[in-house]
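Step one of this worksheet: look at the structure below.
The values are calculated or read from the model by the stated rules, or taken from the named source; none is laboratory data. This structure is a prediction, so every number in the text was calculated from the model and none was measured. Ideal geometry is used to build each Cβ from the backbone, glycine not excepted, and the neighbour counts take in all protein chains shown. SASA here: full protein model, heavy atoms, side chains in, ligands and nucleic acids out. Shrake-Rupley method; radii C 1.70, N 1.55, O 1.52, S 1.80 Å.
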Amino acid sequence: MYKIYQVEYGDTFDIIAMKTGTNSSNIKKINGFNNDSDLIVGSLIIVPNKEDNIFEMYKVKKGDSIYSISRMYNIDPTTLLLINGLNQNDYIYPDQELTIPAQNVIVYVTKQGDTIAAITNNLGIDANSLNKENERIFVMEDQLIVHKKS
């Protein structure tokens with residue numbers, strides 16, 4: 001689901017996003033960064049694993065809204081905002097790229113007070129399946145949990 005990336009000289013969040021097939025706001029959100037000055041050459045950051053085919057990219061079109069995109073992809077608007085590092089008051093613009101769960105993938109962003117039982121109940125799977133599909137689960141707030149429907 002995720003892999004470790006070592007920051008190289010000249011890297012920016014946009015460059016790392018291009019190299020890894022995600023978007024810069026997603027990388028910032030996952031790692032708790034605000035701007036490019038937070039990147040330090042040689043440091044290790046977490047990026048989504050492109051090979052997992054868990055996410056795809058959606059290019060925003062004129063007239064799109066988070067709500068319309070979330071309806072199109074059958075995802076909760078709040079979850080769509082969270083996986084893209086956006087807030088409810090943020091605007092989206094034409095040609096902006098958003099990370100969208102791939103078809104047959106369910107994502108869940110943990111909330112304060114979640115338990116494994118609550119997560120498995122929400123996803124409709126058992127704990128063994130949850131553990132197989134997610135390398136590490138800490139049940140901390142804002143952790144991304146995925147499930148590929150068969």
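A few remarks follow.
- Mean-position separation - Cα centroids, the stretch 108-138 and the stretch 9-61, in angstrom: 24
- Summary: within the chain, the longest segment free of chymotrypsin sites (Phe, Trp or Tyr not before Pro) located in DSSP loops with at most 11 other C-beta atoms within 10 Å is 10-90.
- Square roots of 5 times each gyration tensor eigenvalue, C-alpha, the stretch 50-127, largest first, Å: 25, 15, 10
- Accessible area (Å², per residue) of the stretch 32-136, counting only protein heavy atoms and a probe of 1.4 Å: 64
- Exposure rule at most 13 other beta-carbon atoms within 10 Å, DSSP loop GluC sites (Glu not before Pro): the chain longest free segment: 9-134
- The P(r) of the chain has a tail past 21 Å containing 46 percent of all C-alpha pairs.
- Taking a straight Cα-Cα cut-off under 30 Å and skipping sequence neighbours fewer than 8 places away in the same chain, the lysines within cross-link reach of residue 59 are 3, 19, 28, 29, 50, 111, 148, 149.
- Sparse-neighbour loop sites [trypsin sites (Lys or Arg not before Pro); the stretch 19-106; at most 16 other C-beta within 10 Å; DSSP]: 61, 62
- Relative contact order of the chain: 23 percent, from C-alpha pairs under 8 Å at least 6 residues apart in sequence.
- Within the chain: Cβ-based charge dipole about Cα centre, in debye rounded to nearest 20 (Lys, Arg +1; Asp, Glu -1): 360
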